[in-house]
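A short write-up of the structure that comes next.
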Amino acid sequence: MHSNIQTAGAPAPSRRGLLRAAVAGSAAVGSVLTLGSALPASAAPVPAPAPGAPEAAGRPGSPEEALRRLTAGNRRWRTYRQEHPHESPSVRLQLTRAQHPFALVLGCVDSRVPPELVFDQGLGDLLTVRSAGEVLDEAVLGSIAYGVLELEIPLVLVLGHQSCGAVGAAVHADESGEPLPAHIQYLADQIRPAIDHGQTGDARVAATIDAHARRTRDRLAAEPDIARRVATGRLAVVAARYDLRDQAVRTLA
């Protein structure tokens, strides 16, 4: 498994308080998701939730531990041994008071790739941000920044997937020159820089899916706030791909 990682600095106290108050009220394909060079050896522990907070004792305290938990969850999913954790009445009650997700997954809107199922996680475990083709815009970037800066999430995973319709549409538009409907054209324009013109047919789409996930990872890692947090080892940004055929998540170099 391979990948990059980046992070962020803290916003002004008044802004942090407002955000927290608002939310409290409401290269090549790697091996199946495992630890490895995707994370820095010096990854630092993330501040633990306050005593008595939901999942305070069991929340991963570093990017490595967070990735390890996703690895285990995907293994359960693809071997049909799901545990469907953290759905009990007591957990639901605890989560009315606070949330402490251990990972943020930026994924596609595709109905076949719901992160909570793919990683066999439950309520309060993941912060999920989804857009067609994992395309970034200000709303997506702001959502990711909230998870990293306000919730102290130690891992951001950019999750592309096999047979991505948004990537396929971008490749087709690039090849044909035909315009797409306005808002869909925006998606294609964001994906176009990752199109692999060294491949043809289905291989071009597949290669572009991987290249776009890597590019998105690198763009996130370059965000100043995120980059600063990555530099300290408190955050990792990793790119991966989900294969529909075997349900496995594989990291990307």
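The values are calculated or read from the model by the stated rules, or taken from the named source; none is laboratory data. These numbers come from a predicted model, not from an experiment. A quick note on method: Cβ atoms are made from the backbone with ideal geometry, for glycine too, and the neighbour counts reach across all protein chains shown. Areas reflect the complete protein model, heavy atoms only, side chains present, ligands, DNA and RNA absent. Shrake-Rupley method; radii C 1.70, N 1.55, O 1.52, S 1.80 Å.
Is it true that some residue in the range 229-248 is surrounded by fewer than 21 Cβ atoms within 10 Å (Cβ to Cβ), out of contact with any His (no Cβ under 9 Å at 6 or more places or on another chain) and under 22 Å from Leu187 (Cα atoms)?
Step one: of the range 229-248, the residues surrounded by fewer than 21 Cβ atoms within 10 Å (Cβ to Cβ) are 231-232, 243-248.
Now drop any that are not out of contact with any His (no Cβ under 9 Å at 6 or more places or on another chain), which leaves 231-232, 245-248.
In the following step, the residues that additionally are under 22 Å from Leu187 (Cα atoms) were identified as none.
There is no residue in the range 229-248 that is surrounded by fewer than 21 Cβ atoms within 10 Å (Cβ to Cβ), out of contact with any His (no Cβ under 9 Å at 6 or more places or on another chain) and under 22 Å from Leu187 (Cα atoms).
If I filter the range 230-253 for residues that are at pLDDT below 95, touching a Ser or Thr at 6+ places or on another chain (Cβ under 8 Å) and farther than 28 Å from Glu150 by Cβ, do I get at least one hit? Scanning the range 230-253 turns up at least one residue that is at pLDDT below 95, touching a Ser or Thr at 6+ places or on another chain (Cβ under 8 Å) and farther than 28 Å from Glu150 by Cβ.
Scoring Val167 on the criteria (1) within 23 Å of Glu64 (Cα to Cα); (2) surrounded by 24 or more Cβ atoms within 10 Å (Cβ to Cβ) leaves a single failure, condition (1). Test Asp225 against the criterion of being in contact with a Gly (Cβ under 6 Å, 6 or more places away or on another chain), in a helix (DSSP H, G or I), closer than 30 Å to Pro60 by Cα and open to solvent by 50 Å² or more (accessible area, probe 1.4 Å), and give yes or no. Yes; evaluated as a whole, the condition is true for this residue. In the range 208-229, the residues that are of a type in the set (Ser, Thr, Tyr) reach residues that are modelled with pLDDT of 95 or more with C-beta atoms within less than 6 angstrom, at least six apart or across chains, in these pairs: Thr208/Val167; Thr208/Val171; Thr208/Ala194; Thr208/Ile195; Thr208/Asp196; Thr216/Glu134; Thr216/Val158.
With part of a helix (DSSP H, G or I) and modelled with pLDDT of 95 or more as the only criterion, which of Leu180, Leu149, Leu136, Leu157 stands out?
Values: Leu180 fails: part of a helix (DSSP H, G or I); Leu136 fails: part of a helix (DSSP H, G or I); Leu157 fails: part of a helix (DSSP H, G or I).
Answer to the selection: Leu149.
Among the residues examined, Ile144 does not qualify as modelled with pLDDT of 95 or more, closer than 16 Å to Gly61 by Cα and buried (at least 17 other Cβ atoms within 10 Å of the Cβ). Here is a list: Ala188, Ala213. Which entry is assigned to a helix (DSSP H, G or I), within 26 Å of Glu116 (Cβ to Cβ), open to solvent by less than 10 Å² (accessible area, probe 1.4 Å) and touching an Asp or Glu at 6+ places or on another chain (Cβ under 8 Å)? Selected residue: Ala213, the only one of Ala188, Ala213 that is assigned to a helix (DSSP H, G or I), within 26 Å of Glu116 (Cβ to Cβ), open to solvent by less than 10 Å² (accessible area, probe 1.4 Å) and touching an Asp or Glu at 6+ places or on another chain (Cβ under 8 Å).
So for the range 229-252 (the condition being among the hydroxyl-bearing types (Ser, Thr, Tyr) and assigned to a helix (DSSP H, G or I)), does at least one residue qualify? No - not one qualifying residue is present in the range 229-252.
Among the numbered conditions (1) out of contact with any helix residue (DSSP H, G or I) (no Cβ under 7 Å at 6 or more places or on another chain); (2) within 19 Å of His212 (Cβ to Cβ); (3) open to solvent by 50 Å² or more (accessible area, probe 1.4 Å), the only one that Ala182 does not meet is (2).
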